[in-house]
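The values are calculated or read from the model by the stated rules, or taken from the named source; none is laboratory data. Bear in mind the structure is a predicted one, so any value in this text is a computation, not a measurement. We place every Cβ from the backbone using ideal geometry, glycine too, and count neighbours over all the protein chains shown. Just so you know, the surface numbers come from the protein's heavy atoms only, side chains and all, with ligands and any DNA or RNA stripped out. Shrake-Rupley method; radii C 1.70, N 1.55, O 1.52, S 1.80 Å.
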Amino acid sequence: MLELIQVSKRFGATTALEPTSLTFERDATTVLIGPSGCGKSTLLRIAIGLVEPDAGAVRLDGTRLEPSTARALRRRMGYVIQEGGLFPHLTARDNVTLMARHIGRSARDVGTRLEELCALTRFPADGLERFPAELSGGQRQRVGLMRALMLDPDVLLLDEPLGALDPMIRAELQDDLRDVFRERGKTVVLVTHDMGEAAFLGDRVVLFRAGRIVQSGTARELLHSPAEPFVAEFVRAQRSILEDYR
Amino acid sequence: MIAPILLLCAVPWSQGPIQVGSKGFTESVILGEVVAQLLTVEGMPAEHRAQLGGTRILWDGLVAGELDVYVEYTGTLREEIFAGRPVASDAALAAALRDAGVRASRPLGFDNTYALGMLASFAAERGITRISDLVGNRDLAFGFSNEFMERDDGWPSLSARYGLPHTNVTGLDHDLAYRGLAAGDLHVIDLYATDAKIRTLALRVLTDDLEHFPPYAALVLWRADLEQRTPGIEAVLARLEGRIDEPRMSAMNARVEADGESEAAVAAAFLRAELGLRTRVREERRAARLLRLTGEHLFLVGVSLAAAILVGIPLGVLAALRRRLGRGVLGVVGVVQTIPALVLFVVFIPYLGIGRASTIAALFLYTLLPIVRGTYAGLAGVPRELVESAIALGLSRSARLRLVELPMAMRSILAGIQTAAVIDVGLATLGAIIGAGGYGQPILTGIRLNDPALLLEGAVPAAVLALLVQALFEWIERRVVPRGLRLETEGLD
Ligand SMILES: Nc1ncnc2c1ncn2[C@@H]1O[C@H](COP(=O)(O)OP(=O)(O)O)[C@@H](O)[C@H]1O
Ligand SMILES: [Mg+2]
């Protein structure tokens, strides 16, 4: 269980995140959604310790995230960003296995896990020896996902993982992501600005506006009983234009 | 880290053969050869460290013990080395030398003072033999070197002393003055009393009948402690006293400068003719010389570059990790780069002596900047999201550096090293000025003797070496820079 307790963050004059508390349970996928600049990424970065909150605390199964625990906790979390954030000097295989090899996992264990992950993310095995520059955007994203999952983390944090992909690939990956998220025991937090994606992947959707939570619930709840006009407005703006042609 | 290497380079001269020095002009090199050959043939092995930068380097080297012997001029001792001290009398000069731990022979015979010269034929036509005779020939055109126009004992005081009424006086380059004289555009020029051109152009040196110019008698200087280390050396050096008069010195200078003989051969001929000594002159073949110079040059470049890499990369890393400290480091290293190269080469002499150690120290400092900057820029240029990806994986600071940041910075680091290496190869030629050898040696000699072929003998290999170094680093880059990074930039083209 990942807990954020009254965390807040300002960058100079801009408030990125008002004091916010959120609890992310095991076996559940939470989607953070909201207009650009509303503090979604900041919240995720606070969760993995890339940004230090001005106040508040982050706890993973009760252990507080602080400099002395950060490295150990990060190894129990996977973090995926747009384009995968892959190291260009390493092949797909080395990107995925870097950390496992660094902490001394045996070659056999690493190999077995890699096979599992290729199957799970439907990544072609012959792509493992390629460098990021030789992969397509979708493939890069799968490699980023495999890298995050390599150590079988309890928590998976994804910041707009599909943001840079074209719609076909995107739909395909959404299906695959859902399979991945259904793996047992995972706490998943996903940032997106796409309401459809949120409804498809999220057990719970948390809508942000200007650094604060506006409404939290299932996609259905947001759709049918918006807490304030902004929610309805946001959902309406997200609706496909095509629906108007029905 | 670099200190032990430098000390290693500095040590060898403390025991070994007697170190004979000479300045960067032909006469000094010939006399250095004469002394070195004389000592060697008399069973006192000596090594000639030829054409070192200048008076200061030789004198300081002698006092510091890196040199044991060299030939100096009384005028230089009085006007430069002991300037402002009461050393007008010979006894006072000898006392000042003794205080510095230096002994001097009696004069070798010639006086290489400033003098005025004319074409001998024209002087005879006008009946001019002395400077005073110029007074009655007020139509003559004078052409003086710029230095002579400005010196204390130069034109202004000379004309006052002799009451010279001439108004047609030009300041110009020395080489041009000779040409003007030969062409008849100039009638009187300044020169040294032992100038090689006196013979080759058939010049008349006018007698300084009012004794305006201070004497520049040549004498051998040696360290007092040399007499204990090499008993009897005094007597051997004394054999040169009074043996070389002006025509003889001027002729020897001309044999080198005009006839292209080596200083060693001219010195050997002198010793045979004057002292009946048969010395063995080791004339180096061109190929052997090129090989030796290449070895010396590679040593200077190799050691200084290795040290700069070993120090520069960690400094660059430090600068990237601690931004505030980093600005300081980059600032300091950048300031070093603004020090004129020549100064940097001389600055270390008091601590590291003349030769390789000082040269390597200067080259080291000069090549540091590109390496520090390349490392820093490479690390600072790693995209933020990749740094964060590495942090998010849970890698420690050092693992991040080793596994992600340094490999990604590799290309920039290598580019820095490549720049440093190319600079190093070129700059190492300056080492010859302080006796470090290398390709600079033939360049210096070529400049001194106005011999383009000799100059190219140093300049061409230096340029070729720079190109080879460049090619080497391009090859290394292909081997070392991860293929994934090269793909990335190719993708952008
Ligand atoms: N490192 C930073 N420095 C300054 N401002 C930042 C920084 N990171 C985020 N911000 C600001 O904080 C606010 C929230 O940003 P972010 O969390 O990235 O929003 P989102 O991911 O929802 O688009 C924005 O106004 C953004 O400009
Ligand atoms: Mg964002």
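Count of region B:238-261 residues, restricted to those that are closer than 27 Å to B:Ala94 by Cβ and part of a loop (DSSP other than H, G, I, E, B), is 6. Taking region B:407-440 as the search range and keeping residues that are surrounded by fewer than 24 Cβ atoms within 10 Å (Cβ to Cβ) and within 14 Å of chain A (Cβ to nearest Cβ), which one is farthest from B:Ala308 (Cα to Cα)? Checking each candidate, the answer is B:Pro407. The lone criterion from (1) assigned to a loop (DSSP other than H, G, I, E, B); (2) within 15 Å of ligand 1 (Cβ to nearest atom); (3) open to solvent by 20 Å² or more (accessible area, probe 1.4 Å) left unmet by A:Ile213 is number (1).
Look at A:Gly138 and say whether it is over 28 Å from A:Glu25 (Cβ atoms), free of Cβ contacts under 8 Å to residues at least 40 places away in the same chain and away from chain B (no Cβ under 14 Å). Quick ask: steps written out before the conclusion?
Details: over 28 Å from A:Glu25 (Cβ atoms): yes; free of Cβ contacts under 8 Å to residues at least 40 places away in the same chain: yes; away from chain B (no Cβ under 14 Å): yes.
Against the criterion (over 28 Å from A:Glu25 (Cβ atoms), free of Cβ contacts under 8 Å to residues at least 40 places away in the same chain and away from chain B (no Cβ under 14 Å)), A:Gly138 qualifies.
If only residues of region A:32-44 that are open to solvent by 30 Å² or more (accessible area, probe 1.4 Å) and out of contact with any Lys or Arg (no Cβ under 9 Å at 6 or more places or on another chain) are counted, the one that is nearest to ligand 2 (Cβ to nearest atom) is A:Ser41. Taking the numbered list (1) touching a residue at least 24 places away in the same chain (Cβ under 8 Å); (2) closer than 22 Å to B:Val220 by Cα in turn, B:Ala273 passes all entries but (1).
Of the listed requirements (1) modelled with pLDDT of 90 or more; (2) within 16 Å of ligand 1 (Cβ to nearest atom); (3) more than 14 Å from chain B (Cβ to nearest Cβ), A:Leu158 misses just one: (3). Looking at region A:73-119 only, could you name the residues that are in contact with a strand residue (DSSP E or B) (Cβ under 8 Å, 6 or more places away or on another chain), hydrophobic (A, V, I, L, M, F, W, C) and open to solvent by 20 Å² or more (accessible area, probe 1.4 Å)? Residue satisfying the conditions is A:Ile81 alone.
State whether the residues of region B:222-237 include one that is assigned to a strand (DSSP E or B) and within 26 Å of the chain's Cα centre (by Cα). Taking every residue of region B:222-237 in turn, at least one turns out to be assigned to a strand (DSSP E or B) and within 26 Å of the chain's Cα centre (by Cα).
For A:Glu66, the stated conditions do not hold, so it cannot be described as within 16 Å of ligand 2 (Cβ to nearest atom) and open to solvent by 30 Å² or more (accessible area, probe 1.4 Å). Taken together, B:Glu283, B:Glu274 contain a single residue that is open to solvent by 40 Å² or more (accessible area, probe 1.4 Å), more than 16 Å from B:Gly426 (Cα to Cα) and not in a helix (DSSP H, G or I), which is B:Glu283.
Return only the number of the condition from (1) open to solvent by less than 50 Å² (accessible area, probe 1.4 Å); (2) within 33 Å of the chain's Cα centre (by Cα) that B:Ala319 does not satisfy. Of everything listed in (1) open to solvent by less than 50 Å² (accessible area, probe 1.4 Å); (2) within 33 Å of the chain's Cα centre (by Cα), B:Ala319 misses just condition (2). Looking at A:Val231, A:Val143, A:Val189 in this structure, which one is open to solvent by less than 20 Å² (accessible area, probe 1.4 Å) and either touching a Ser or Thr at 6+ places or on another chain (Cβ under 6 Å) or within 16 Å of ligand 2 (Cβ to nearest atom) (or both)? None of the other options fit; the residue is A:Val189. Report yes if some residue within region B:391-401 is closer than 20 Å to B:Ala420 by Cβ and more than 12 Å from chain A (Cβ to nearest Cβ); otherwise report no. Taking every residue of region B:391-401 in turn, none turns out to be closer than 20 Å to B:Ala420 by Cβ and more than 12 Å from chain A (Cβ to nearest Cβ). Here A:Arg45 fulfils each of the conditions (1) in a helix (DSSP H, G or I); (2) touching a helix residue (DSSP H, G or I) at 6+ places or on another chain (Cβ under 9 Å); (3) more than 15 Å from ligand 1 (Cβ to nearest atom) apart from (3).
Would you confirm whether or not region B:206-217 contains a residue that is crowded, with 21+ Cβ neighbours inside 10 Å, aliphatic (A, V, I, L, M) and in contact with a helix residue (DSSP H, G or I) (Cβ under 9 Å, 6 or more places away or on another chain)? No, every residue in region B:206-217 fails to be crowded, with 21+ Cβ neighbours inside 10 Å, aliphatic (A, V, I, L, M) and in contact with a helix residue (DSSP H, G or I) (Cβ under 9 Å, 6 or more places away or on another chain). Identify all residues within region A:1-26 that are more than 8 Å from ligand 1 (Cβ to nearest atom), aliphatic (A, V, I, L, M) and touching a Lys or Arg at 6+ places or on another chain (Cβ under 9 Å); write none if there are none. Those that are more than 8 Å from ligand 1 (Cβ to nearest atom), aliphatic (A, V, I, L, M) and touching a Lys or Arg at 6+ places or on another chain (Cβ under 9 Å): A:Met1, A:Leu2, A:Leu4, A:Ile5. Look at (1) under 28 Å from A:Phe230 (Cα atoms); (2) within 16 Å of ligand 2 (Cβ to nearest atom) and you find that A:Ile48 fails only one, number (1). Screening region B:180-205 for residues that are among the aliphatic types (A, V, I, L, M) and without any contact (Cβ under 8 Å) to a residue 60 or more places away in the chain and picking the one that is surrounded by the most Cβ atoms within 10 Å (Cβ to Cβ) gives B:Leu186.
Of all residue pairs spaced 6 or more apart or on separate chains, those with beta-carbon atoms under 7 Å, a first member in region A:39-55 that is of a type outside the set (Ser, Thr, Tyr) and a second member that is within 14 Å of ligand 2 (Cβ to nearest atom) and in a loop (DSSP other than H, G, I, E, B) are A:Gly39/A:Gly211; A:Lys40/A:Gly34; A:Arg45/A:Val51. Restricting A:Thr91, A:Thr29 to residues that are closer than 24 Å to A:Glu129 by Cβ, in contact (Cβ under 8 Å) with a residue 40 or more places away in the chain and away from ligand 1 (no atom under 16 Å from the Cβ) narrows the list to A:Thr91. You will find that of A:Ala148, A:Ala227, A:Ala164, the residue that is within 14 Å of chain B (Cβ to nearest Cβ) and assigned to a loop (DSSP other than H, G, I, E, B) is A:Ala164 and no other.
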